[in-house]
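The values are calculated or read from the model by the stated rules, or taken from the named source; none is laboratory data. Quick caveat: nothing in here was measured; it's all calculated off a predicted structure. When we count neighbours, we look across all protein chains shown, and the Cβ atoms used for this are built from the backbone with ideal geometry, even at glycine. Heads up: the accessible areas ignore ligands, DNA and RNA and are worked out on the full protein's heavy atoms, side chains in. Shrake-Rupley method; radii C 1.70, N 1.55, O 1.52, S 1.80 Å.
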Amino acid sequence: MQRTFVMIKPDGVGRGLIGTVIGRLEGRGLRLVGLKLLSISPELAAKHYAAHQAKPFYPGLIRFITSGPVVAMVWEGADAVAQVRAMMGPTDPHQAPPGTIRGDFALAIDCNVIHGSDGEAAAESEIGLYFTPDELVSVPRPEESWIYPRT
Ligand SMILES: Nc1nc2c(ncn2[C@@H]2O[C@H](COP(=O)(O)OP(=O)(O)OP(=O)(O)O)[C@@H](O)[C@H]2O)c(=O)[nH]1
Ligand SMILES: [Mg+2]
């Protein structure tokens with residue numbers, strides 16, 4: 001079992017894609033263990049995107065991510081980090097194949113609907129930025145014997 005941090009970005013919330021995105025991850029068999037709607041402060045945005053601080057697109061990225069509410073989530077499952085990244089598709093929606101979230105719902109790199117942690121270390125630090133431990137609830141789904149038949 002692995003945890004990953006996922007965010008529906010302001011464009012995804014604004015376009016009414018919250019249910020669609022959650023439905024895809026839920027349908028895959030991942031377990032939702034944390035969920036909140038929030039507006040990201042400039043301080044939190046700077047922490048989240050610290051790795052991109054020197055990039056030319058950084059000011060636009062901070063403006064965008066603080067421009068409206070987002071849905072922050074923690075999802076748990078086998079190989080969750082890589083599986084969610086695969087379901088998101090590449091950063092640039094023009095490269096994202098149909099069937100991926102970005103390939104089905106986005107056409108611009110600045111408004112690509114969803115964020116997902118790019119590794120286990122990033123997942124741990126991003127989860128810590130958005131959630132306290134008592135806000136995460138990990139309860140097995142009753143149908144998990146059909147998702148993980150040997151567990
Ligand atoms: N305008 C512009 N935006 C970019 C570019 N590269 C990345 N971004 C934006 O910055 C975000 C973070 O970049 P990355 O972390 O490299 O991409 P990612 O991991 O696929 O996306 P996130 O899940 O949002 O972190 C992306 O989702 C894009 O919205 C770029 O070359 N130009
Ligand atoms: Mg990233």
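Residue by residue through segment 40-50, which ³J(HN,Hα) values in whole Hz follow from phi under the Karplus form 6.51 cos²θ - 1.76 cosθ + 1.60 (θ = phi - 60°), with glycine and proline marked x?
Ordered by residue, 3J(HN,Hα) equals 7, 6, x, 5, 5, 4, 5, 5, 4, 9, 3 Hz.
Which aspartates and glutamates have a Cα lying under 12 Å from the Cα of Lys36, excluding residues fewer than 8 positions away in the same chain?
Partners found: Glu135.
Suppose all protein chains stay in the model; what accessible area per residue would a 1.4 Å probe give for segment 2-147, in Å²?
In whole numbers, segment 2-147 has 50 Å² accessible per residue.
Which of the lysines could be linked to Lys55 by a straight reach, that is with a Cα gap under 16 Å, when you skip same-chain ones fewer than 8 residues away?
Output for Lys55: Lys47.
Would you calculate the separation in nanometres between label points at Asp134 and Ala78, each defined as 7 Å from the Cα along the Cα-to-beta-carbon direction?
3.5
For segment 67-151, which semi-axes, largest first and in whole Å, follow from the square roots of 5 times the eigenvalues of its Cα gyration tensor?
That gives 25, 19, 11 Å for the three semi-axes.
Principal axes first, then extents: for the Cα atoms of the chain, list largest minus smallest coordinate on each axis, whole Å, largest first.
48, 36, 26
When the accessible area of segment 2-147 is computed with all protein chains present and a 1.4 Å probe, what percentage of it is carbon and sulfur?
58
Tell me, what HN-Hα J-couplings in whole Hz come from the Karplus equation 6.51 cos²θ - 1.76 cosθ + 1.60 at θ = phi - 60° for each residue of segment 132-145, using x for Gly and Pro?
Working through the residues one at a time gives 8, x, 6, 8, 9, 10, 10, 10, x, 7, x, 8, 5, 5 Hz.
Residue-wise, which Karplus ³J(HN,Hα) couplings in Hz belong to segment 75-80, taking 6.51 cos²θ - 1.76 cosθ + 1.60, θ = phi - 60°, and x for glycine or proline?
Ordered by residue, 3J(HN,Hα) equals 10, 10, x, 5, 6, 4 Hz.
Apply 1/(1 + (r/R0)^6) to the Cβ-Cβ distance of Arg15 and Glu144, taking R0 = 35 Å, and write down the FRET efficiency to the nearest 0.05.
After rounding, the FRET efficiency stands at 0.65.
Using r as the Cβ-Cβ distance of Asp110 and Lys47, and R0 as 22 Å, what FRET efficiency do you calculate, to the nearest 0.05?
Working from the Cβ atoms, E equals 0.65.
Name the residue from Gln83, Ser41, Thr20 whose Cα lies farthest towards the positive end of the charge dipole of the chain, charges +1 on Cβ of Lys and Arg and -1 on Cβ of Asp and Glu.
Final value for the positive-end residue is Thr20.
Quick check for me: using +1 on Lys/Arg Cβ and -1 on Asp/Glu Cβ, what's the dipole size of the chain about its Cα centre, in debye to the nearest 20?
Charge dipole, the chain, about its Cα centre: 240 debye, nearest 20.
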